[in-house]
Amino acid sequence: MTDSGLKVDVACTVNGARQTLRVHPLARLLDVLREDLGLTGTKEGCGEGECGACSVLVDGELVNSCLVPVLQVEGAEIKTIEGVSARGAELHAVQQAFIECGGAQCGICTPGMVLAAVSLLANIPQPTDADIRNGLAGNLCRCTGYMKIFDAVVRACERAGVKA
Amino acid sequence: MLTEIVGKPVPRKEGRSKVTGAARYVDDLRMPGMLYGATVRSPVARGRIRSVTFGEGVPWDEFVVVTAKDIPGENAVALILLDQPYLASEFVNHAEEPILLLAHADKQLLERARRAVHVDIEPLPAVFTLADSLARTQTIWGEDNIFKSYLVDKGNVDEVWAQADLVVEGEYSTGAQEQLYIETNGVIAVANAEEGVTVWGSMQCPYYVHKALLKLFALPPERVRVVQCETGGGFGGKEEYPSMIGGHAALLSWKAGGRPVKIIYDRAEDMVATTKRHPSLTRHRTAVSRDGRLLGMEIEFVVDGGAYATLSAVVLSRGTIHAAGPYNCPNVRIRSRAVATNVPPHGAFRGFGAPQSIFALERQMDKVAAAVGLSPAEFRRRNFIRQGETTATGQVIREPVDMAGLLDRAFELTDYQAKRERFARENAAVGAGGVKRGIGFASFMHGAGFTGSGEDYLKSIVGAEADASGRVRILAASTEIGQGTNTIFAQIASDALGLNYDLVEMAQPDTGNVPDSGPTVASRTCMIVGRLVESAALGLRQTLQGAGLLADEYTEGDWREACRQYVERYGALKSFSQYKPPPGVRWDDEKYEGDAYGAFAWAVYVAEVSVDTLTYETRVDDFVAVQEVGKVVHPILAAGQIEGGVAQAIGFTLYENVVWQDGRMVNNGMTNYVMPTSVDLPPIRVHFEEQPYEYGPAGGAKGIGELPMDGGAPAILNAIEQATGVSFTHVPLMPEALMRGLSETT
């Protein structure tokens, strides 16, 4: 589809680090993250914006990175699963809660689901059951039936200091 | 000695790597010089290949091209029969059948090339439905389109019809269902004549892939190595298909002189080309006395196997054995057949035939209850199997079983009786276009482990090794696919040895390093393989004690010191354990009679629904799953298995509709094949009863993986019948079918 010869510079911040990417302007943000930056925690599940496995935060907003042409993130701040807790540091409360509550099974939806939960709690610090269900509705999980994921979100917001 | 770890919600072994995105799935791996592979597939369902032509505008000399002629060994996917080719050479038997393989370093160019290959096929008449296959509108497989048939015959069913007060007939059917693991099928292969073949991939059964590659390349076992990467869900969908895609990548690498080749299916290819749950048709004829005793059951069960035999014989077996359910009936005849159609082969999916036959049975039981004038619950209570009684295959239930107790518990948790009465009253007052409610249930069991002589045939082996620091590693081919293998095996071994959970880990399933502990299927990992983990771990202790290095009572420090001394003196400390059937197990493969499974899990599931008679939408408002599963090894993982299985069952019942056109799935995307989201599901409330199984590990665990797939569909349709007064007999029950059903009766 794309002509691999045509490339442009896109400047953005990824997990706090400034990057200038030499990329095809219509390359999917998902592929740039995974292949150019080696950030393989972002997963491809469907490639059509249905499953949310490729969720990342762009300027604090949860997006499906499979639907974002990289040109669109010029100047933006991107956070992937690798940036949710700093390397070697303590886990984010959402990540810790996912482990404790059984929110991750096979793990392939987990990075996207964790980012969706982080985003939800940033917008609604004390979500109701309906808020949690709606907040995660763009992220499909085939293993858990979502119950343990809901438990994890509740556990995470019971803890102090939840921030995106 | 430490307190028990089994039964405690210890953290999942690979939990941290999964929540941080550090876990490496096959698509996260890259190798130097790696090529990408693609598959050219048949555009038609059945036909004779006339020619393959390579279109213009593609630098074909840069491509690795593989056809059937390039196969070094046998062109057949070795599983049960050898009827399925890796690459079709003369005939195609289903749409999307692989014909030719391409590899190139540039993914975009590869896709352009794939589209530029033109396969010219002379179409032949095809068969797309189970009914046409049975009617033999065309003979497309063997002499009669039949992959396999079974006959279970208990008592004398022919004599009961005359004595019966009532005979109730029913016909039920189920559609295909896509496994829809969020990680699609994918592999990387390195293969050449000097180094042999290595495949890394997303899979459930490394030794199945190993066996298939031996045949494909005509190589001895030690020249083939299969390694499981972190696997993003399987549910059966990665039981058999990795042998196909793994073989394809290996053929490309072999032709490319050993350059690594990666094949990752996109979602559309994964859905259109790989396996799904077998569609089924079941006919019931039930003889019952006026006081509601089951006198006889005649069951005809047919599954659509698709174009090749693959696992259909075994799926049919499990469906057949579960077809008469947890009831005590003196006369039962089950005739079953798996038939061929020209669609991609149907395969393993959680439950493996049992959800299909149990759906039919539990709809039929409600129908029979109504016919004899009993409530669904009272009718079942009069017929539940009890300890000492026999199943349809004549298996004597030796352990205590209390189906009536499970029913009571499920009713108490859901307030079933009061709701049943209240909904009946309220529904009568609901006007046209209003919302009606219903509550229904299903009672069922699911056997753990391979059927009949299957485990004895597998003779699974598990190893355990300890290093000089006292760390223990479990050597097994059983894969972690989300269900918790890594965690529960470590719990079982920790408890067996009285060691800290953190001291035990699982080796990566790699056929070069672990013995064949059998496939990760059939609810067998915990009960069968877990028992071997326990005994292999105990073997380490016995070895240390036999060498005089460890006392009967020991601390972790004593253990570490004993391991250090043993390894210093003798080298590696390893222990292996092989499966032996429990005493007294008998199974007759000819008569299909005897002890079908080592143990059953028993369950009653209750669903509460509301049906909008204006929009024809159905919502499940509440779901309670009560089951007896032996010892629960890990309460959170076990509940997670049940909740996830129930969610898939709700999808199977109300959302997931495979739309076929000329033998091809046309809604092969997540946009138009709809699985339940977080807003669609009810609270799923899980309750366990624990009746320890004598031959299970960790104080008596049984299998639970597939059980939760079985009861949802009939429980929900039974509830919809209460809500609407209409008896639906097919799943998925889509709004269109609901509308038709309701308008026919009003």
request  = For B:K154, list the lysines whose Cα falls under 22 Å from its own Cα; do not include residues on the same chain fewer than 8 positions away.
outcome  = B:K591
ask   = Which shape class applies to the stretch B:464-610: rounded if a/c is under 1.5, otherwise prolate when a/b exceeds b/c and oblate if not, where a ≥ b ≥ c are the square roots of the Cα gyration tensor eigenvalues?
value = prolate
query = By how many nm would the segment from B:R422 to B:D291 grow when fully extended, if each residue of separation counts as 0.36 nm and the alpha-carbon distance is taken off?
reply = 44.5 nm
Label-point separation, B:T67 to B:S743 (7 Å along Cα→Cβ), nm = 5.2 nm
key: R0 of 60 Å, Cβ-Cβ distance B:E171-A:T20: FRET efficiency to nearest 0.05   = 0.35
note = Taking the chain alone as reference and the full protein assembly as comparison, with a 1.4 Å probe on protein heavy atoms only, the residues of the stretch A:58-99 that lose at least 10 Å² of accessible area are A:I81, A:E82, A:A89, A:L91, A:Q95, A:I99
request  = Quick one: accessible surface of B:L614, probe radius 1.4 Å, all protein chains present, in square angstrom to the nearest 10.
outcome  = 130 Å²
query = Taking the simple approach of a point 7 Å from Cα along Cα-to-Cβ for both B:E389 and A:A89, what is their distance in nm?
reply = 6.2 nm
query = How much net charge surrounds B:S443 when only other residues with a Cβ under 14 Å from its Cβ are counted (Lys, Arg +1; Asp, Glu -1)?
reply = -2
note = Gyration tensor on Cα atoms of the protein assembly as shown, a ≥ b ≥ c root eigenvalues, a/c under 1.5 rounded, else prolate if a/b beats b/c, else oblate, says rounded
remark   = FRET efficiency (B:L29, B:T615; Cβ distance; R0 45 Å; to 0.05) is 0.45
ask   = Taking a spot 7 Å from the Cα of B:N500 along the direction of its beta carbon, which residues of the stretch B:535-564 have an amide N less than 11 Å from it?
value = B:556-557
key: Drop in accessible area of at least 50 Å² in the complex versus isolated chain, residues of the stretch B:173-189, 1.4 Å probe   = B:I182
ask   = Could you state the number of Å between the C-alpha centres of the stretch B:379-406 and the stretch B:44-110?
value = 51 Å
inquiry  = Excluding ligands, DNA and RNA, what is the accessible area buried between chains A and B, summed over both sides, using a 1.4 Å probe, to the nearest 100 Å²?
reply    = 3900 Å²
ask   = Where in the stretch B:220-243 does accessible area fall by at least 30 Å² between the isolated chain and the complete protein assembly, at a 1.4 Å probe radius?
value = B:F235
message = Full-extension gain between B:D402 and B:V666, please, as 0.36 nm times their residue separation minus the C-alpha to C-alpha distance.
response = 90.5 nm
inquiry  = Just the number please: accessible area per residue for the protein assembly as shown, 1.4 Å probe, all protein chains included, in Å².
reply    = 35 Å²
ask   = Given Cα pairs under 8 Å that are at least 6 residues apart, what percent is the relative contact order of the stretch A:93-158?
value = 55 percent
message = Treating only the Cα positions of chain B as identical point scatterers, give the base-10 log of I(q)/I(0) from the Debye formula at each q in 0.07, 0.08, 0.10 Å⁻¹.
response = -0.50, -0.66, -1.02
message = 7 Å from Cα along Cα→Cβ at both B:R223 and B:A547: what's the point-to-point distance in nm?
response = 3.7 nm
remark   = Note to self, chain A gives a 222 nm [θ] from helices alone (DSSP H runs n ≥ 4, -39500 (n - 2.57) apiece, / all residues, nearest 500) of -7500 deg cm²/dmol
task = Leaving ligands, DNA and RNA out of it, report the carbon-plus-sulfur percent of the accessible area of the stretch B:76-169 at a 1.4 Å probe.
result = 47 percent
query = What does a probe at B:V679 reach in the stretch A:50-67, counting residues whose amide N is under 17 Å from the point 7 Å along Cα→Cβ?
reply = A:50-52, A:62-64
query = How large, in percent, is the carbon and sulfur part of the accessible surface of the stretch A:8-83 at a probe radius of 1.4 Å?
reply = 45 percent
ask   = When the helices in chain B are scored as -39500 (n - 2.57) per DSSP H run of 4 or longer and the sum is shared across all residues, what 222 nm value do you end up with, to the nearest 500 deg cm²/dmol?
value = -8500 deg cm²/dmol
query = Between the stretch B:686-711 and the stretch B:136-152, what's the alpha-carbon centroid distance in Å?
reply = 36 Å
For peptides A:15-26, B:211-222, sequence by mean Cβ density within 10 Å, most packed first = B:211-222, A:15-26
ask   = Separation of the stretch B:502-572 and the stretch A:62-127 by C-alpha centroid, Å?
value = 38 Å
task = Beyond 30 Å between alpha-carbons counts as too far, so tell me which of B:K367/B:K702; B:K238/B:K419; B:K13/B:K459; B:K276/B:K419; B:K107/B:K255; B:K419/B:K631 fall in that bin.
result = B:K367/B:K702; B:K238/B:K419; B:K276/B:K419; B:K419/B:K631
request  = Once you have a ≥ b ≥ c as the square roots of the Cα gyration tensor eigenvalues for chain A, tell me rounded if a/c is under 1.5, and otherwise prolate or oblate according to whether a/b is larger than b/c.
outcome  = prolate
ask   = Ignoring ligands, DNA and RNA, what percent of the accessible area of the stretch A:93-158 is carbon or sulfur (1.4 Å)?
value = 50 percent
task = Count charges around B:A191 for me, please; just the other residues with Cβ under 11 Å from its Cβ, Lys/Arg as +1, Asp/Glu as -1.
result = +2
query = Around B:L35, what is the net charge, scoring Lys/Arg as +1 and Asp/Glu as -1 over all other residues with Cβ under 11 Å from its Cβ?
reply = +2
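The values are calculated or read from the model by the stated rules, or taken from the named source; none is laboratory data. These figures come from a predicted structure and were not determined experimentally. We place every Cβ from the backbone using ideal geometry, glycine too, and count neighbours over all the protein chains shown. For accessibility, only protein heavy atoms count, side chains too; no ligands or nucleic acids. Shrake-Rupley method; radii C 1.70, N 1.55, O 1.52, S 1.80 Å.
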